[in-house]
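The values are calculated or read from the model by the stated rules, or taken from the named source; none is laboratory data. Worth saying up front: this structure is predicted, and the values here are computed from it rather than measured. Here Cβ is always computed from backbone atoms with ideal geometry, including for glycine, and neighbour counts include all displayed protein chains. With ligands, DNA and RNA removed, areas are computed over all heavy atoms of the protein, side chains included. Shrake-Rupley method; radii C 1.70, N 1.55, O 1.52, S 1.80 Å.
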Amino acid sequence: MFRRFENIVDPYTPYEETDTPPQRLWPFLWAYAQPFKRWFALAAVLSVLVAAVEIGLIHYMGRIVDILSRNTPADVWSAHRWELIGIALFILVLRPVLQALDVLVLNNGLMPNFGTLIRWRAHRHVLRQSVGWFENDFAGRIANRIMQTPPAANESMFQIFDAMTFALAYLVGAAVLLADADGRLVLPLLAWFALYGVLLHWTITRVGPASKAASDARSEVTGRVVDSYTNIHSVKMFAHHDRELDYAKEAIEETRRTFRKEMRIYTVMDISLTVLNGWLIVGVVGWCVALWMQGAASVGVVAAATALTLRLNAMTGWIMWAVSSFFRNLGVVAEGMETIAQPIGLTDVPGAPALVLGEGRIAFEEVSHHYGRGAGGLDRLSLNIEPGEKVGLIGRSGAGKSTLVKLLLRFYDPESGRILVDGQDVTQVSQESLRRQVGMVQQDTALLHRSIAENILYGRPEASEAEMIAAAKRAAADEFIHELTDMEGNSGYLARVGERGVKLSGGQRQRIALARVILKDAPILVLDEATSALDSEVEAAIQDTLYGVMEGKTVIAIAHRLSTIARMDRILVLDGGHIVEQGTHAALLARGGLYARFWERQSGGFIGMVPDKPEAAE
């Protein structure tokens, strides 16, 4: 039974992705609600029916009072036994069935699936964002919004069908019941309802913004705390425990301030509601008693009106809390939309074809990119890399080396100019097909918090175990892998590496990354300080392997340790976003320019930061 309702909607059902989600709250929620429309309608109908049954029972309790007060016990049974038996069967059988349907649709059908659908689609949308988009925010804050928005939307949906629809139907039913007894009894109910509406409006207009502010503050706390945890080595190394506490405390205090402001609204609401409900009880019950004293109302009417009013008194706090909770959760959703609903900034052109790689020729044509700052990056750079050519890039920090690689991988789009791979503009082919043809090892190697095997197979998931192990051996990683164990008792290739690979040394992480790229076997290879974390002995051991991996590939290698690129076909020296020198190692040394001075200044194989004088661009 549960499974049937739990599967009424597949939260992973295919849908048409959009690069520009709705930016307003209700269209945003409505887009996610499309697979649930029929079930939302059923939930609303069931909620109304449940409320109608509750009103009907109160009305019938009044009728029982009248029957009992006007007849002897013997007359009651003889005249009304089938009626009483029918009501009993309804209460014992039909009412539970109706209630069960209501909660099964809401609790088991809608609640688990609606939030799952939002979380799945939101995560899918965010993963499509560019690298630059992620670099502009806290990873913790992004994750927090992905995690808190679905339950908030879920809770909003729950309040609509569990409380608000039920409450509206209940109020209408109460008015009908009182009007049926005496039309004048509706007047105090209507007066109370008008004042209740004013209080409700006052509450919801304040609680939404207050909730959004509190949610923003919570996300900021999460971002700062996760940032400290992610960089815990730096925190400990620089002995900044107290500084990090102060950094977090600032955000935590802002969270307390916003939450305190939100709670003041609820306090005013609760006090006002108690006063209003007192007027409701006195108005309806007092008037009903007055009508009975005049002979215009029966004892059953007084009993039903009293029960109804006390029930409303008990419900109003719940209704108010449900409605305010509804708007509070909408505030959380609105805060989450600041991340989830952001348009995709770097997209494929409509119908973008896959990159068709032939020879592996790369061309940069008058490419400029300054990250929107007007400086830094590349400036009108032109470069042709022939198929199978091995090119080394050197230059001081900020010269444009990493920018060149990021543009090639289309992590960003050039601000001007274009980049061609085998004559195909990288902005006109699909991003995934481009990146499938490029293998890259970065200086700052971050591994996934998964097993060694999963990290290596990330390069080519369909590879066999034998191929994976062969790649690890070529990267001089197999030996240390067999010595690894984790806290769960996994060892060797099954051992987990910790968040970003923190359980491994820098050299071990880099060798795993090398193994991953070796396994991928992409025709274009990018090495960004690929051996910087290796000691000299290990570097020497895998240097021949690296050059073997480069065979038949087009290679771009960034290095400060010049010994790693001395055997390249061509070395490019970048400075200020321009190529200022290029040639073989021997030719550049003979020239006596910037490269030669870098070579002379190397200490342990690293480039000196400041040359004697600036070199004119070629």
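For segment 463-486, the set of residues classified as open to solvent by less than 30 Å² (accessible area, probe 1.4 Å) and of a type in the set (D, E, K, R) consists of D478, D486, listed by residue number. Would you confirm whether or not segment 180-191 contains a residue that is outside any helix (DSSP H, G or I) and either aliphatic (A, V, I, L, M) or farther than 30 Å from T339 by Cβ (or both)? Yes, that holds for at least one residue. Residues considered: Y32, Y60. Of these, the only one that is more than 20 Å from Q159 (Cβ to Cβ), surrounded by 12 or more Cβ atoms within 10 Å (Cβ to Cβ), hydroxyl-bearing (S, T, Y) and in contact (Cβ under 8 Å) with a residue 12 or more places away in the chain is Y60.
State whether the residues of segment 38-49 include one that is part of a loop (DSSP other than H, G, I, E, B) and surrounded by 17 or more Cβ atoms within 10 Å (Cβ to Cβ). There is no residue in segment 38-49 that is part of a loop (DSSP other than H, G, I, E, B) and surrounded by 17 or more Cβ atoms within 10 Å (Cβ to Cβ). Entry remark, segment 256-285: residues being hydrophobic (A, V, I, L, M, F, W, C), modelled with pLDDT of 85 or more, open to solvent by less than 70 Å² (accessible area, probe 1.4 Å) and out of contact with any Lys or Arg (no Cβ under 8 Å at 6 or more places or on another chain) number 2 in total.
The sole residue among V333, V323 that is assigned to a helix (DSSP H, G or I), touching a residue at least 24 places away in the same chain (Cβ under 8 Å), under 45 Å from the mean Cα position of the chain (by Cα) and under 12 Å from V207 (Cβ atoms) is V323.
So which residues in segment 188-201 are open to solvent by 50 Å² or more (accessible area, probe 1.4 Å) and touching a residue at least 12 places away in the same chain (Cβ under 8 Å)?
Result: L190, A191, F193, L195.
For (1) surrounded by fewer than 17 Cβ atoms within 10 Å (Cβ to Cβ); (2) at pLDDT 90 or above; (3) not charged (D, E, K, R); (4) not in a helix (DSSP H, G or I), each residue gets a yes or a no:
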site: G489; (1), (2), (3), (4): yes, no, yes, yes
site: L504; (1), (2), (3), (4): no, no, yes, yes
site: Q510; (1), (2), (3), (4): no, no, yes, no
site: V526; (1), (2), (3), (4): no, yes, yes, yes
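Kindly establish whether A314 is in a helix (DSSP H, G or I), surrounded by fewer than 19 Cβ atoms within 10 Å (Cβ to Cβ) and among the small types (G, A, S). Here the answer is yes, as A314 does meet what is asked.
For W120, state whether it is open to solvent by 70 Å² or more (accessible area, probe 1.4 Å), over 30 Å from A305 (Cβ atoms) and under 37 Å from the mean Cα position of the chain (by Cα). Yes. Across segment 563-584, the qualifying residues are those that are more than 42 Å from the chain's Cα centre (by Cα) and modelled with pLDDT under 90, and the one among them that is nearest to F364 (Cα to Cα) is M568. For segment 1-37, a residue qualifies if it is farther than 24 Å from L330 by Cα and either outside any loop (DSSP other than H, G, I, E, B) or touching a Phe, Trp or Tyr at 6+ places or on another chain (Cβ under 7 Å) (or both), and the qualifying residues are F2, R3, R4, F5, E6, I8. In this structure, is R410 among the basic types (K, R) and part of a helix (DSSP H, G or I)? Against the criterion (among the basic types (K, R) and part of a helix (DSSP H, G or I)), R410 does not qualify. Residues in segment 366-407 that are part of a loop (DSSP other than H, G, I, E, B), within 19 Å of Q443 (Cβ to Cβ) and among the small types (G, A, S): G376, G377, G395, S397, G398, A399, G400. On the given criteria, is E386 free of Cβ contacts under 8 Å to residues at least 24 places away in the same chain and open to solvent by 40 Å² or more (accessible area, probe 1.4 Å)? Here the answer is no, as E386 does not meet what is asked. The set of residues in segment 423-458 that are open to solvent by 20 Å² or more (accessible area, probe 1.4 Å), closer than 29 Å to T230 by Cα and assigned to a loop (DSSP other than H, G, I, E, B) comprises Q442, Q443, D444, A446, L448, H449, R450, Y458.
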